[in-house]
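This report refers to the structure that appears directly beneath it.
The values are calculated or read from the model by the stated rules, or taken from the named source; none is laboratory data. As the structure is a computational prediction, the values presented were derived from the model and not from experiment. Every residue, glycine as well, gets a Cβ built from its backbone with ideal geometry; the counts of neighbours run over all protein chains shown. Please note that ligands, DNA and RNA were not included when accessible areas were found on the heavy atoms of the full protein model with its side chains. Shrake-Rupley method; radii C 1.70, N 1.55, O 1.52, S 1.80 Å.
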Amino acid sequence: MKKIMFTLVLLAGIRASYAQSALTLQDCLKYALANNQALARTRLEEDMGRFKTSEVRGQALPQVNANGSYTNNIKKQVLPIPGEFVGEPGKTVLLTAGVTHNLTASGSVTQEVYNQSVFTGLKAAKAGEEYYRMQTAQSEETVIYNVTSLYYAALVSREKTTVLDANIDKLQKLVNTTATQVENGLARKIDLDRMRVNLTNYKTQRINAQNQFLIQANQLKMQMGMSMSTALELPATSFKEIESKTANAADFGGVALDNRIEYKLLSKQEELQTYQKKAYIAQFYPTLQLGGNYSYNGISDKFDFLKSKSGGSTSSWYDMASVSLTLKVPIFDGFARRSRVSQANVTLKELSKQKEETALALNTQFENAKLQAQNNLSTIHAQKENVELANEVYTSTQNNYNLGLASLTDLLDSETSLTEAQNNYNEALLQYKLAELDIIKSNGNLKSLLN
């Protein structure tokens, strides 16, 4: 009990620390693996697999049963016999058979000496247990993939909000300056109105971006198994790390089918189906079973089993015991066993084709993800240069506008272009990270994100 209480207190402390500090991607992944509800359900299925193995193992162990029965022969059976047997020739005499009360206690033990179906079932159950473990591993990878995707998407949405905040701040200062100029007759009111329209548009975009971030944060919390009432804070520096990592990206490796849980599950299904086929074939084999029985019986015309002989009991007690060896040889079942073996062969062929199809699909996913990542790298470099260029154009246009050498339209257009360039760059970073995530998945290394 103390250990359980300590664990609960520790878990509460961990959750409290998550709620109070910013979560890195690794923090989110570890929290999700510990709290995701779908993953917890899969782990229960893994427990179920272990119990099924124990159930099958029990068939190979001795089967022991005990029985007790009491019979009251209210109307005893009557046996007609010729009178000659009892000194009454020429008559049929009716004799009452048995006694009124019969008390029996018995026990039996059986043990499979040779039963190939049971022995094959044991191997299949063990393989089934491994299959459930693989399903848990697949669920863990799904959680890691979903959490990582949502984490980066939320970072990009938040970065869009940051970009809009900066633009709103710049435009607000320009509105304030222009409003003063309008009061002094140095600027036109129509220019001020156009600035205010753009400022309102930016604020609306900012609200939409913030709502998008909150929705993605809620989706992230749902994947993590975190309560909606818990505050989720993401570190301010994480998004910048994406930019630095893309500079060194070059080698994407190759697809590793043996590491892909989808392919491993199909191989395990193939193994299980092979055991199923062997179990069907084992039905052609004879079985040998060793058994033993023992019973202790009491009979009496009066219910006086609890009395001793010296106390006047009329009951009689006797015991019986037997040992048996049962051989069962299957001869003909209308070709049912042969049909089951044929069905198993067809299923194995289907699984083989499914493995080929899956291998092709996984290779295609890897190649597409690699192409996408390479394309996004080019886009990132181009968009980065575009942001720098748009920033230079905006700065130059703003200076010219202040000197009266550029129109307000030029200034607002350059500001819009800068905002679009910044958002396009952020989106390119996100798409690269998602493509990189697909490559990591193709390599079967999703759990490396935990480190």
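Summary table
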{"read-out": "Relative contact order (%) - criterion: Cα under 8 Å, at least six apart; region: the stretch 19-115", "value": "29"}
{"read-out": "Ser448/Asn65 FRET efficiency (R0 41 Å; Cβ-Cβ; nearest 0.05)", "value": "0.15"}
{"read-out": "Exposure of Arg340 as accessible area (Å², to 10), given a probe of 1.4 Å and all protein chains", "value": "80"}
{"read-out": "Debye intensity ratio in log₁₀ form over the Cα atoms of the stretch 352-451, taken at each q of 0.13, 0.14, 0.23, 0.25 Å⁻¹", "value": "-0.62, -0.67, -1.06, -1.14"}
{"read-out": "Surface per residue (accessible, 1.4 Å probe) for the chain, Å²", "value": "59"}
{"read-out": "Relative packing of 398-407, 414-423, which averages over residues the other C-beta atoms within 10 Å, highest first", "value": "414-423, 398-407"}
{"read-out": "Efficiency of FRET from Cβ geometry, Gln77 and Leu288, R₀ 41 Å, rounded to 0.05", "value": "0.60"}
{"read-out": "Förster radius 51 Å - calculated FRET efficiency between Thr177 and Gln138 (Cβ-Cβ, nearest 0.05)", "value": "0.30"}
{"read-out": "Rounded Å value of the spacing that divides the Cα centres of the stretch 76-128 and the stretch 169-189", "value": "109"}
{"read-out": "Integer Hz, Karplus 6.51/-1.76/1.60 couplings in order for the stretch 163-176, x for Gly and Pro", "value": "4, 5, 4, 5, 5, 5, 5, 5, 5, 5, 5, 5, 4, 4"}
{"read-out": "Backbone N within the stretch 142-160 under 14 Å of label point (7 Å from Asn208 Cα along the Cβ vector)", "value": "160"}
{"read-out": "222 nm mean residue ellipticity, helices alone, for the chain (DSSP H n ≥ 4; -39,500 (n - 2.57); rounded to 500)", "value": "-23500 deg cm²/dmol"}
{"read-out": "Inter-label distance, nm, simple model (7 Å from Cα along the C-beta direction), Asp169/Thr364", "value": "4.9"}
{"read-out": "Alpha-carbon gyration tensor eigenvalues x 5, square-rooted, for the chain, Å", "value": "84, 29, 18"}
{"read-out": "Segments 153-164, 71-82, 177-188 sorted - mean Cβ within 10 Å per residue, highest first", "value": "153-164, 177-188, 71-82"}
{"read-out": "Contour minus Cα-Cα distance for Ser308 and Lys91 (0.36 nm per residue)", "value": "74.1 nm"}
{"read-out": "Carbon + sulfur, % of accessible area of the chain - ligands and nucleic acids excluded, 1.4 Å", "value": "55"}
{"read-out": "Cα→Cβ-extended label distance, 7 Å offset, between Ser54 and Leu186, nm", "value": "8.6"}
